[in-house]
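**Student:** I'd like to ask you about the structure that follows.
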Number of protein chains: 2
Amino acid sequence: MEAYKQTIRQYIRTHEREAVALLQRLTAERSVSGAEKRAQQIVIEQLQDMNLEVDVWEPAREELEHHPYFISARPDFHGSPNVVGILRGVGGGRSMIVNGHIDVVPEGERKQWTQDPYGGKVENGRVYGRGTTDMKGGNTALLLALEAIRHSGISLKGDVYFQSVIEEESGGAGTLSAILRGYKADGVIIPEPTNMKLFVKQQGSMWFRAKVKGRVAHGGTRYEGVSAIEKSMLVLEHIRDLEQLRNSRIMDPLYAGIPIPIPINVGTIQGGTWPSSVADLVILEGRFGVAPHERMEDAQQEFMEWLQALSLQDEWFAAHPVEVEWFGARWVPGSIEAEHELVQMLRRNFQLVAAQEPIMEAAPWGTDGGLFTQIANIPMIVFGPGETKVAHYPDEYIEIEKLLLAAEIIACTLLDWCGVHLEEEHGGK
Amino acid sequence: MEAYKQTIRQYIRTHEREAVALLQRLTAERSVSGAEKRAQQIVIEQLQDMNLEVDVWEPAREELEHHPYFISARPDFHGSPNVVGILRGVGGGRSMIVNGHIDVVPEGERKQWTQDPYGGKVENGRVYGRGTTDMKGGNTALLLALEAIRHSGISLKGDVYFQSVIEEESGGAGTLSAILRGYKADGVIIPEPTNMKLFVKQQGSMWFRAKVKGRVAHGGTRYEGVSAIEKSMLVLEHIRDLEQLRNSRIMDPLYAGIPIPIPINVGTIQGGTWPSSVADLVILEGRFGVAPHERMEDAQQEFMEWLQALSLQDEWFAAHPVEVEWFGARWVPGSIEAEHELVQMLRRNFQLVAAQEPIMEAAPWGTDGGLFTQIANIPMIVFGPGETKVAHYPDEYIEIEKLLLAAEIIACTLLDWCGVHLEEEHGGK
């Protein structure tokens, strides 16, 4: 087995230039939600070059929209294909899904970038551009890992399903569609940007909108009205208390160094229409963090009951309860035991390749991975070469060395997980 | 004198129909800011019919804009004339300005009206429509009072200046322009809607905008940022403390029954751009109540110093102070001693005409009157037939009987204040 891993290493180290060129081509395509097609075409060509079975389809909204975990603002997914490439094993081994999303968030204000967001410039060992870290760099590592296996003449026993999905940044409809299409495996690796740490738990999250009511009056006689702005101060305090309560339950030592493992972030506030009137409505929008083992539905239930209890503090809320709706984005949390063989196998290959102990951490954000664990009950781990701190930011980049290391660690893990079909065995049949 | 007042009464009581028709014509013109011209044309015709000297001019922004009390969002006042009609006295008496604004606030959502806002329908002794109470009904009472004097063959000793001004609802540029044009007198009556009460004090007010700063971060790691929404909770509490302090200083028994004589109303709040980001900016807009005797500048100063003191509570504010600007509308407060002859004269005529004691009160809102007292140092009282509770609201109306009573009380007060030139005196010259 060590010899195979040496071959893998050699392939990867001699194909750095090609890997960078591929990442640059992917980066050049501005694959924001609705515009993924050209980037997916590049992926398809890569898979075809490897002679993999390729499955390309546009998710059908009507097949997804009744699923409780479906969320999307798009009316349909025309022009936005999912792509799966299958490296079929010879049989007798465990299978693995390696999953990465092809969609990127918009680049934002151009003038905040010092680099061309779609230029893919190489500087100081980094490739710059929107999506390099989140997560075309991770996808490139996956493709490089598969190529290294393929071109090294190694036959795996188990199947490997490479998934290049749409819509991760907008709620996960792409991965949901892949699961509902029937793809399953014994394990999942998602190379989202963990900066080479093993993220064994991921915070889930969902967006809420809370409407706080008041009663209008003229500002000069404001005591004749009820200010929704004043009432929203009570609501904000009450939400902060819930955040404290929910976080006090998190005992996992992985969260020991994290001030607020599952934050409730009220991100926007908007209320009132006129400076000299009493505001009769304030709308709060926020992100509700969900614990790795928690069900989304239970978290929603707790929030709504908590807000109902405001009426015990202030009878205004008895007659005018805060209205809550869940909208926009949602990421299901994920979790795997640190002792799980998938984690330990990845860990050993990390030690082998990087010659050090990997850091295990709990992620402050969710990925599509939660869908695999919560819907399909597949063990899943997040491990990738990008860095959260530059994801969604101007001058996003990825370090080429980390991309190569990740490719090697994942390739070696695939050998161990799926098993290598040895020539001798083959010959002996 | 009693005979003259009887003549006045008779004139007014026999011209109810004409007064209502005039109010209907004025109401039919939607004289919102920038569209006052046609309503002013009706006023001009009325003044010309009475053979008054008429002065019509468009305020020149360049002459106003350096005045500390000037405020307007308009680039100019083209098409928005001020109108003054002068009932010249024969000499030897006190002069009076009677002032009313011709501009109205927009009607708002039509479907909230059961009446046509510009129809002027008469029903149950009321005339309905936008501006009937605020304050075309008051203006009609003034014109009726002048007509009653004019057509009764009464000569006053002092001059009466009837002013129909623009822009009261947007900060008082019309009245400011009239003052700067040189109009002055020994007293001012403004028939804003007091529901027949004598408003001897008026709360001033001005609009502020406060910017509360934070530091952006991802909602999943919100502890890495500083929420401007959380910081704005401290700011709102701090503003409430200032409101309490400022109101604790108001000792005037006129305010005994008013819960908050000079409120600070935060009317709008807006902050954050994304539910799952930490908000880095919250903007509060509000109306700052100013006490009748207070200078606007002193009130501003107190607010700004108070907000600076937030840094003592939370060092975030030391490095990121709340920024305050004063914008939009402003009404200067007004005040007159209850013992002042103008008040007492109006009171006696109220007793005479209405056969009861008038109610004296402090107004929760300012008028253009504050400009007369604070800039021109002219004693001023607010007294009119409309009702605050329907001003700026759907289905605004005025009671015709109150309009007629106000016209009679004001006409009689003009006779007393300016003095009547008796025929015998005239003959004796």
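**Student:** Against the definition (away from chain B (no Cβ under 14 Å) and polar (S, T, N, Q)), how does A:Ser164 come out, yes or no?
**Tutor:** Against the criterion (away from chain B (no Cβ under 14 Å) and polar (S, T, N, Q)), A:Ser164 qualifies.
**Student:** Please work out if B:Ser205 is closer than 24 Å to B:Ile71 by Cα and among the hydroxyl-bearing types (Ser, Thr, Tyr).
**Tutor:** yes
**Student:** Same structure, new question: Could you list, ordered by first residue, the pairs with Cβ atoms under 6 Å in which the first is in the range A:105-122 and more than 16 Å from A:Ala391 (Cβ to Cβ) and the second is of a type in the set (Val, Ile, Thr) and modelled with pLDDT under 95, at least 6 apart or interchain?
**Tutor:** none
**Student:** Out of the residues in the range A:244-272 that are in contact with a Ser or Thr (Cβ under 9 Å, 6 or more places away or on another chain) and aliphatic (A, V, I, L, M), state the one that is farthest from A:Val282 (Cα to Cα).
**Tutor:** A:Ile258
**Student:** Scan the range B:391-420 residue by residue and report those that are touching a strand residue (DSSP E or B) at 6+ places or on another chain (Cβ under 6 Å) and either under 30 Å from B:Arg110 (Cβ atoms) or at pLDDT below 95 (or both).
**Tutor:** B:Tyr397, B:Ile398, B:Glu399
**Student:** Follow-up question, since we're still on this one. Out of the residues in the range A:253-280 meeting the condition of being away from chain B (no Cβ under 11 Å) and either in contact with a strand residue (DSSP E or B) (Cβ under 6 Å, 6 or more places away or on another chain) or modelled with pLDDT of 95 or more (or both), tell me which one is surrounded by the fewest Cβ atoms within 10 Å (Cβ to Cβ).
**Tutor:** The selected residue is A:Leu254.
**Student:** Just one of A:Leu52, A:Leu87, A:Leu64 is under 28 Å from A:Tyr118 (Cβ atoms) and not acidic (Asp, Glu); which is it?
**Tutor:** The conditions single out A:Leu52.
**Student:** Which count do you get for residues in the range B:281-302 that are farther than 29 Å from B:Thr221 by Cα and within 14 Å of chain A (Cβ to nearest Cβ)?
**Tutor:** 8
**Student:** Check B:Pro321, B:Pro358 and return the single one that is touching a residue at least 12 places away in the same chain (Cβ under 8 Å) and not assigned by TED's automatic domain parsing to the domain that holds B:Ile149.
**Tutor:** B:Pro321
**Student:** Check off (1) more than 26 Å from B:His218 (Cα to Cα); (2) of a type outside the set (Lys, Arg); (3) not in a helix (DSSP H, G or I) for A:Gly220 and give me the number that stays unchecked.
**Tutor:** (3)
**Student:** I've got another one for you. Any residue in the range B:266-279 that is outside the structural domain of B:Thr367 (by TED's automatic domain parsing), more than 17 Å from A:Ile269 (Cβ to Cβ) and under 23 Å from the mean Cα position of the chain (by Cα)?
**Tutor:** No, the range B:266-279 has no match at all.
**Student:** Let me ask you something else. How many residues are buried (at least 22 other Cβ atoms within 10 Å of the Cβ), in contact with a Pro (Cβ under 7 Å, 6 or more places away or on another chain) and within 14 Å of chain B (Cβ to nearest Cβ) when one looks only at the range A:328-348?
**Tutor:** 2
**Student:** Quick one: A:Arg209 ticks every box in (1) touching a residue at least 12 places away in the same chain (Cβ under 8 Å); (2) within 13 Å of another protein chain (Cβ to nearest Cβ); (3) crowded, with 18+ Cβ neighbours inside 10 Å except a single one, so which number is it?
**Tutor:** Result: A:Arg209 passes all but (3).
**Student:** Name the single residue, out of those in the range B:236-252 being surrounded by fewer than 18 Cβ atoms within 10 Å (Cβ to Cβ) and among the acidic types (Asp, Glu), that is nearest to B:Lys201 (Cα to Cα).
**Tutor:** In this case the residue turns out to be B:Asp252.
**Student:** For the range A:349-429, which fully contained helices (runs of 4 or more DSSP H) count at least 3 residues that are buried (at least 18 other Cβ atoms within 10 Å of the Cβ)?
**Tutor:** Helices (runs of 4 or more DSSP H) meeting the threshold: A:369-375, A:400-418.
**Student:** Further question: If I go through the range A:176-205 residue by residue, how many of them are closer than 17 Å to A:His340 by Cβ and in contact with a helix residue (DSSP H, G or I) (Cβ under 7 Å, 6 or more places away or on another chain)?
**Tutor:** 8
**Student:** Please go through the range A:361-379 and pick out each residue that is modelled with pLDDT of 95 or more and closer than 20 Å to A:Ala406 by Cβ.
**Tutor:** Selection gives A:Phe372, A:Pro379.
**Student:** Can you tell me which condition B:Gln203 does not meet? The list is (1) closer than 30 Å to B:Pro385 by Cβ; (2) more than 8 Å from chain A (Cβ to nearest Cβ); (3) modelled with pLDDT under 95, and all the others hold.
**Tutor:** The single condition B:Gln203 does not satisfy is (2).
**Student:** Which of the residues that make up the range A:239-252 are more than 10 Å from chain B (Cβ to nearest Cβ) and of a type in the set (Asp, Glu)?
**Tutor:** Correct list: A:Asp241, A:Asp252.
Residues are listed down the side, and each one gets a yes or a no for (1) loosely packed, with under 13 Cβ neighbours inside 10 Å; (2) touching a helix residue (DSSP H, G or I) at 6+ places or on another chain (Cβ under 9 Å):
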{"residue": "A:Ile42", "(1), (2)": "no, yes"}
{"residue": "A:Pro68", "(1), (2)": "yes, yes"}
{"residue": "A:Phe77", "(1), (2)": "no, yes"}
{"residue": "A:Thr114", "(1), (2)": "yes, no"}
{"residue": "A:Asn124", "(1), (2)": "yes, no"}
{"residue": "A:Arg130", "(1), (2)": "no, yes"}
{"residue": "A:Met135", "(1), (2)": "no, yes"}
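**Student:** I've got another one for you. Working only within the range B:137-182, note down all residues that are over 20 Å from the mean Cα position of the chain (by Cα), of a type outside the set (D, E, K, R) and farther than 21 Å from B:Leu22 by Cβ.
**Tutor:** Answer for the range B:137-182, where residues must be over 20 Å from the mean Cα position of the chain (by Cα), of a type outside the set (D, E, K, R) and farther than 21 Å from B:Leu22 by Cβ: B:Gly153, B:Ser155, B:Leu156, B:Gly158, B:Gly182.
**Student:** Moving on. Can you tell me which residue in the range B:219-234 is nearest to A:Val235 (Cα to Cα), limited to those that are within 7 Å of another protein chain (Cβ to nearest Cβ) and surrounded by fewer than 23 Cβ atoms within 10 Å (Cβ to Cβ)?
**Tutor:** My answer is B:Met233.
**Student:** Taking B:Gly92, is it surrounded by fewer than 24 Cβ atoms within 10 Å (Cβ to Cβ), under 30 Å from B:Asp416 (Cα atoms) and modelled with pLDDT under 95?
**Tutor:** For B:Gly92, the condition - surrounded by fewer than 24 Cβ atoms within 10 Å (Cβ to Cβ), under 30 Å from B:Asp416 (Cα atoms) and modelled with pLDDT under 95 - is not met.
**Student:** Would you confirm, using the coordinates I've provided, whether A:Gln374 is more than 21 Å from A:Ser164 (Cβ to Cβ) and in contact (Cβ under 8 Å) with a residue 12 or more places away in the chain?
**Tutor:** It is true that A:Gln374 is more than 21 Å from A:Ser164 (Cβ to Cβ) and in contact (Cβ under 8 Å) with a residue 12 or more places away in the chain.
The values are calculated or read from the model by the stated rules, or taken from the named source; none is laboratory data. Keep in mind it's a predicted model, so treat the numbers as computed, not measured. We place every Cβ from the backbone using ideal geometry, glycine too, and count neighbours over all the protein chains shown.
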